[in-house]
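The values are calculated or read from the model by the stated rules, or taken from the named source; none is laboratory data. This is a predicted model, so every value here is computed, not measured. Counting neighbours? That spans all protein chains shown, and the Cβs are built from the backbone with ideal geometry, glycine included.
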């Protein structure tokens, strides 16, 4: 499971000209799943994101978590995080999970993240043509891969 976590001042997902979800201060999480991902990956990643301390404290030091600042999370499925670009110029997505496996993984991750945050999280729509807008705050962008925990 791969995630790109961006600290945002605001973010939104628009589908067919209609805003599906929008948040203020928080994280935009782009999530890519592969067939080998499990509940263990979901548990590790949701706890790691929930505890990530990248929001400024009263001294301007990145020392606060999303829970500390009562931020929101917008999670968008992103199979292209599994792009292989080693051969040629057209990326291959063979490692991206199949629809049958990744939809439940994505939904379980959303539920785990909501539990970790203690409130609902916002989402895009799996498989839709989405327009994602964000104002990256910092900029702060962190990449995580559950197969590379060290």
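Quick check on residue 42: is it touching a helix residue (DSSP H, G or I) at 6+ places or on another chain (Cβ under 9 Å), surrounded by 12 or more Cβ atoms within 10 Å (Cβ to Cβ), part of a strand (DSSP E or B) and modelled with pLDDT of 95 or more?
Criteria not met by residue 42.
Hey, among 117, 81, which residue is within 30 Å of residue 63 (Cα to Cα), modelled with pLDDT under 95 and within 14 Å of the chain's Cα centre (by Cα)?
Unique residue meeting the criteria: 81.
Could you check how many residues of the range 120-150 are touching a strand residue (DSSP E or B) at 6+ places or on another chain (Cβ under 7 Å) and part of a strand (DSSP E or B)?
Of the residues in the range 120-150, 17 are touching a strand residue (DSSP E or B) at 6+ places or on another chain (Cβ under 7 Å) and part of a strand (DSSP E or B).
For the range 58-95, name all the residues that are closer than 25 Å to residue 114 by Cβ, free of Cβ contacts under 8 Å to residues at least 12 places away in the same chain and not in a strand (DSSP E or B).
If the condition is that a residue be closer than 25 Å to residue 114 by Cβ, free of Cβ contacts under 8 Å to residues at least 12 places away in the same chain and not in a strand (DSSP E or B), then 70 is the only one that fits.
Please go through the range 45-57 and pick out each residue that is without any contact (Cβ under 8 Å) to a residue 60 or more places away in the chain and either more than 13 Å from residue 117 (Cβ to Cβ) or assigned to a loop (DSSP other than H, G, I, E, B) (or both).
Answer for the range 45-57, where residues must be without any contact (Cβ under 8 Å) to a residue 60 or more places away in the chain and either more than 13 Å from residue 117 (Cβ to Cβ) or assigned to a loop (DSSP other than H, G, I, E, B) (or both): 53, 55, 56, 57.
All but one of (1) closer than 22 Å to residue 20 by Cβ; (2) under 16 Å from the mean Cα position of the chain (by Cα) hold for residue 99, so report the exception by its number.
Only one criterion is unmet by residue 99, namely (2).
Can you say whether residue 56 is on the phi > 0 side of the Ramachandran plot, more than 15 Å from the chain's Cα centre (by Cα) and at pLDDT 95 or above, as far as the supplied structure shows?
In short, no.
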